[in-house]
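Reviewing the structure listed below.
The values are calculated or read from the model by the stated rules, or taken from the named source; none is laboratory data. A quick note: this is a predicted structure, and the numbers were derived from the prediction, not measured. Glycine also receives a Cβ, built like all others from the backbone with ideal geometry; neighbour counts cover every protein chain displayed.
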Ligand SMILES: NC(=O)c1ccc[n+]([C@@H]2O[C@H](COP(=O)([O-])OP(=O)(O)OC[C@H]3O[C@@H](n4cnc5c(N)ncnc54)[C@H](O)[C@@H]3O)[C@@H](O)[C@H]2O)c1
């Protein structure tokens, strides 16, 4: 779903940069003689990488920020000088965001709420008609001014900046999303059906890591911590 949302983020952002959608009226790729838009992507994970691919493909000027230098190194090897990679900290985020036409937020701290990397003060100093797409909104969002929206009314404006904060972006392209989700999950479904849940989880550490609740116990430590429940390890319930 992150692949879908990352790719969609650029599509949604480009559409909302159009004047009739509240944006500043800028074409992502520019035209000969007119500069391309500056797309800033915060978080170079699955969402960020797929957004990056689309933004580069549409001819935007792209900056990507992450806390993982290894991740930035990989992207630098693949995209070379078609992108700028920047180590993420409060100052570099601020510098990039203030120069951006479109900002895409795709950060994740597993099991925790997304960090509010873009503050209200930064939003108020962004270009008028700029667009922010907060893909991380399903984890609380990485823009201080974000709140979750739906496809019926996907955007709202704060200080002249269009916010697109749809919590279930892949739902808009349900056909593609369903096939993609099927591809990723069918192996697990077959294992669960063939072996029963306990054996399937014992045989596959990734499936086991996905177990959140069993026999009324929370088996995912970060979720237990966040919700104030006692944590019980999955292993202790698998017998
Ligand atoms: N809205 C939607 O429809 C939708 C769909 C899919 C995913 N998501 C959300 O998108 C977010 C990203 O998902 P993902 O699969 O790309 O996760 P991921 O783990 O692949 O990538 C997250 C990246 O964020 C980086 N990061 C963490 N802290 C950072 C910081 N302070 N500055 C910069 N980068 C930082 C990590 O190093 C990592 O590279 C998640 O919150 C996920 O739930 C939302």
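Being at pLDDT 95 or above, in a loop (DSSP other than H, G, I, E, B), crowded, with 21+ Cβ neighbours inside 10 Å and assigned by TED's automatic domain parsing to the domain that holds residue 14 is a description that applies to residue 141. May I ask you to list the residues in segment 91-120 that are in a helix (DSSP H, G or I) and touching a residue at least 12 places away in the same chain (Cβ under 8 Å)? Result: 92, 93, 94, 96, 97, 98, 99, 120. Name every residue in segment 37-48 that is buried (at least 22 other Cβ atoms within 10 Å of the Cβ) and within 13 Å of the ligand (Cβ to nearest atom), in order of residue number. Hits for segment 37-48 are 40, 41, 42, 43, 44, 47, 48. Looking across segment 74-89, the residues that are free of Cβ contacts under 8 Å to residues at least 24 places away in the same chain, in a helix (DSSP H, G or I) and at negative phi come down to 74, 76, 77, 78, 81. Assess whether residue 174 counts as being under 26 Å from the mean Cα position of the chain (by Cα) and within 26 Å of residue 5 (Cβ to Cβ). Yes, satisfied.
If you go through segment 52-69 and keep only what is within 9 Å of the ligand (Cβ to nearest atom) and part of a helix (DSSP H, G or I), you end up with nothing.
Of the residues in segment 181-201, at least one is within 14 Å of the ligand (Cβ to nearest atom) and under 28 Å from residue 47 (Cβ atoms).
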